Amino acid sequence: MVTSEKNTSLPEGSIETKTTRLNLGPTHPATHGVFQNILELDGEKIISTEITIGYVHRAIEKIAERRPLYQITPLTDRLNYCSSPINNMGWHTTCEKLLGIQTPKRVDYLRVIIMELARIADHLICNGVMGVDAGAFTGFLYLMQYRELIYEIWEEICGARLTTNIGRIGGFERDFNDVAFTKLEKFLKEYPAALKEFESLLTRNRIFMDRTIGVGGISGERALNYGFTGPNLRAAGVDYDVRVHSPYCSYQDFEFDIPTGTTGDCYDRFLVRNGEMWQSLRIIEQAYRKIQEFKGAEATVFHADVPEYYLPEKADVYTKMEALIYHFKIVMGEVDIPPGEVYHSVEGGNGELGFYLISDGGRSPYRLHLRRPCFIYYQAFEELIKGSMISDAIMVMSSLNLIAGEMDG
Amino acid sequence: MALSNDLIRQRLIQKFGEQVTNIEEPYGMLTFEVPKELNIEVLEFLYNDPELSFQFLTDLTAVHYPSYAGREIAVVYHLHNLVANCRIRFKVFAPIAQPDVASATKVFATANWLEREAYDFFGVNFVGHPDLRRIQNVDEMDYFPLRKEYPVEDQTRLDKDDEMFGRGGSFDFGNRNDDGSPRLTPQAGEENVERLGESAGGSR
């Protein structure tokens, strides 16, 4: 803690003679990531904030300019790493839009299951951490075993847990195995009870309510002007959801509600995320039922027929000429991407995750810009916490679901 | 509700006439270009017109086209009308020698950091921006890394050339001599030799 000598910025009526400068971050436990906020304080009241980000900037956009499409998927893992499958799928669907690939319905539904599991994994961490930052560790730990279960499902499908690199352009690298489906059934059976218990721990908890209601509120209009999307925008009462507005992966086939709040404060953000977890469960159940209804060849398909971008079966590579050629071309990154300019977005864990891809006909993108929701709405943080206490700043920070990896890109 | 691309195009031409150029619809999204002096006027027109009301700035970024002489830097705006659920995209081009573009922060608060990012990586000078500083990179940095003259890979590597990425030398990243061999500045070469020598000699 450093005390500054100036007191010029003190508001009228303050009993202090000096402002205090407090570094919140870069490695503060409450930032849950690496970014810095320099708070200028009048006693315990926040006068102004200076935000520094970029500590984990990895130049993903620049690297992507020299990578074939399939090598960019692992880069997207590192954006919002609490829900990397959504980023992976967002990238795959962007490529498919550019290349004009139609995926089979079963692939769409499998993807929906993966994405909604990711949304639950993302929201349960965020809401759990809100409890932790308010002093209640129980809920966080209680839900953690279900995130573990989600990770196990992903592990069955792609072999990885956190940075998943799940799926391929056109579908999945292999079909889901029985263990994955058994674990999914277990999750669908057990998670509702756990989520209910989690809610009963916090939702009507007097301390938690006092810490969050009326803290860090934002009006819908202001939130839109700040480019808010996702749960943070919906908590402010604007029911914008990419899954409904521009459906991808056959989201139009599912029935679900968009939970919204009214005041846009921390409590509303918490409620919206909890509501979304229930809706995600609904979607997964519907998708799982739809998958079981497929008959014949449709029941086993797990990728679209795009030999130029989808790696052939290994057995075919050794025995068939075409498969060998495509395998070589894909692995060596020698597939030309048709020229074009496409913007595609998906509903990520914390908002509209957009991919703006320009191809000049080369083998790698000419330019890729990632619309990272976290980066865009974090600039409102200063406005959200101005005039409030330090403890409120902590709550606002955890309720915004800030992921340093996504912020820095 | 129904807000078609044709209608938007009509309204734009009605208002700005021939200053709206290069109208395209790649993948269904209306895309056009306006002179860079007009960018705020166009943003405000699209924002305030009761029928169009594009009041959500989805994305703002820049692109570097070294081959477009005199208009190398493009600033791209993605706008969204959430009620009619319609997206559009428009671009302004600026010369790299003096990439001045008016700031959109007066219309959209979200433009603040997005413009700082575009400045950080491309050096676009957003005139009227309240706080135009670098945002991801360190303040001391003296170049704009996403410009095409800065190659991603180590310039001494021969296996990762442009031809690898289907650009066969037609595209100048600035790291090649005319005969196609990698361009090494004497200083950079010497440094490399020194660094290699150090690691080989082993100070440990």
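Any chance segment A:281-290 includes a residue that's of a type outside the set (Val, Ile, Thr), away from chain B (no Cβ under 14 Å), within 27 Å of A:GLU185 (Cβ to Cβ) and touching a Pro at 6+ places or on another chain (Cβ under 7 Å)?
Yes, that holds for at least one residue.
Quickly run through segment B:17-41 and pick out the residues that are in contact with a helix residue (DSSP H, G or I) (Cβ under 7 Å, 6 or more places away or on another chain) and either assigned to a helix (DSSP H, G or I) or over 21 Å from A:HIS344 (Cα atoms) (or both).
Listed by number, the residues that qualify are B:GLN19, B:VAL20, B:TYR27, B:VAL34, B:PRO35, B:LEU38.
Could you check segment A:207-307 for helices (runs of 4 or more DSSP H) lying wholly inside it with 1 or more residues that are assigned by TED's automatic domain parsing to the domain that holds A:ILE46 and either more than 25 Å from A:THR94 (Cα to Cα) or at pLDDT 95 or above (or both)? Steps first, answer last, please.
Details: elements: A:220-225, A:230-235, A:242-245, A:266-293.
Where helices (runs of 4 or more DSSP H) fall fully within segment A:207-307, none carries at least 1 residues being assigned by TED's automatic domain parsing to the domain that holds A:ILE46 and either more than 25 Å from A:THR94 (Cα to Cα) or at pLDDT 95 or above (or both).
I need the helices (runs of 4 or more DSSP H) fully contained in segment A:38-100, keeping only those with at least 1 residues that are in contact with a Leu (Cβ under 9 Å, 6 or more places away or on another chain) and within 11 Å of chain B (Cβ to nearest Cβ).
Of the helices (runs of 4 or more DSSP H) lying wholly inside segment A:38-100, those with at least 1 residues that are in contact with a Leu (Cβ under 9 Å, 6 or more places away or on another chain) and within 11 Å of chain B (Cβ to nearest Cβ) span A:60-64, A:84-99.
For residues that are more than 7 Å from chain B (Cβ to nearest Cβ) and not aromatic (Phe, Trp, Tyr), scanning just segment A:362-377, find the one that is surrounded by the most Cβ atoms within 10 Å (Cβ to Cβ).
A:PRO373
Output the residues belonging to segment A:316-353 that are in contact (Cβ under 8 Å) with a residue 24 or more places away in the chain and either in a strand (DSSP E or B) or of a type in the set (Ser, Thr, Tyr) (or both).
A:GLY340, A:VAL342, A:HIS344, A:SER345, A:VAL346, A:GLU347, A:GLY348, A:GLY351, A:GLU352, A:LEU353, listed by residue number.
Of the conditions (1) within 10 Å of chain B (Cβ to nearest Cβ); (2) at pLDDT below 95, A:VAL342 satisfies every one except a single condition; which number is it?
(2)
How many residues does segment A:263-319 contain that are aliphatic (A, V, I, L, M) and under 20 Å from A:SER200 (Cβ atoms)?
Counting residues in segment A:263-319 that are aliphatic (A, V, I, L, M) and under 20 Å from A:SER200 (Cβ atoms) gives 4.
The values are calculated or read from the model by the stated rules, or taken from the named source; none is laboratory data. Fair warning: this is a prediction, and the values are worked out from it, not measured in the lab. Quick reminder, even Gly has a Cβ in these numbers, built from the backbone with ideal geometry, and neighbours come from all protein chains shown.
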